[in-house]
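Here is the structure we will look at.
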Amino acid sequence: MNAGTPPNLYARAVFFVKNTDEALRFYVEQLGFSEDWAHREEGTVYVCQVSLFGFELILNQVYGETLGRAGHGRVYIGLEDDQIAPVLEHIAAKNIPTERREWGQPTLVIKDLDGNELFIWDWPQKRET
């Protein structure tokens, strides 16, 4: 590794949820994500990863010191111009409930069962501000 050039990093967001089994079903069945992996103990999912269009998200059951963290997550997903149509088509095909919020630009917001938020900037980069 060159000291002047850091390597590309692989990172994922973590959303804390009250019930990982229910959250996993919601992300897969309602939002159309794929289940990548899940850690189960006695048939119960405690942590898992889901993905959609290359975006990977870890869902983590709250416990102990994290009990108050469910529903406080937000991740920003910026779309390139050529990604907008396929993502919006997916949202429409799955009939995913969304809302519009102003966040520097009109932003598409999807909330999960706990209130964690996916913020999607779906406006073309060429748009005048």
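The table that follows gives values for the structure above.
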read-out	value
Sorted by Cβ neighbour density within 10 Å, fewest at the top, the residues W121, W103	W103, W121
Volume of the Cα convex hull of the chain, divided per residue and given in Å³	164 Å³
Size of charge dipole - the range 1-126 - debye, nearest 20, with Cβ of Lys, Arg +1 and Asp, Glu -1, no other charges	280 debye
Net +/- balance of residues flanking L57 in space, Cβ distance below 10 Å, scoring K and R +1, D and E -1	-2
Segments 105-114, 64-73 sorted - mean Cβ within 10 Å per residue, highest first	105-114, 64-73
DSSP bridge pairs, the range 13-121: antiparallel proportion in percent, nearest 5	70 percent
Crossing angle, helix 81-93 versus the chain [Cα axis fit, 0-90 degrees, rounded to tens]	50 degrees
DSSP-loop GluC sites (Glu not before Pro) across the range 1-63, with at most 15 other Cβ within 10 angstrom	E42
A11 versus L67: modelled label distance in nm, points set 7 Å from Cα along the beta carbon direction	3.1 nm
Expected 222 nm ellipticity per residue - DSSP helices of 4 or more, -39500 (n - 2.57), all of the chain, to 500	-4000 deg cm²/dmol
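We did not get these values from a lab; they are worked out from the coordinates using the rules stated. Owing to the predicted nature of the structure, the values given are computational and were not obtained by experimental measurement. Cβ coordinates were reconstructed from backbone atoms using ideal geometry, including for glycine residues, and neighbour counts include every protein chain displayed.
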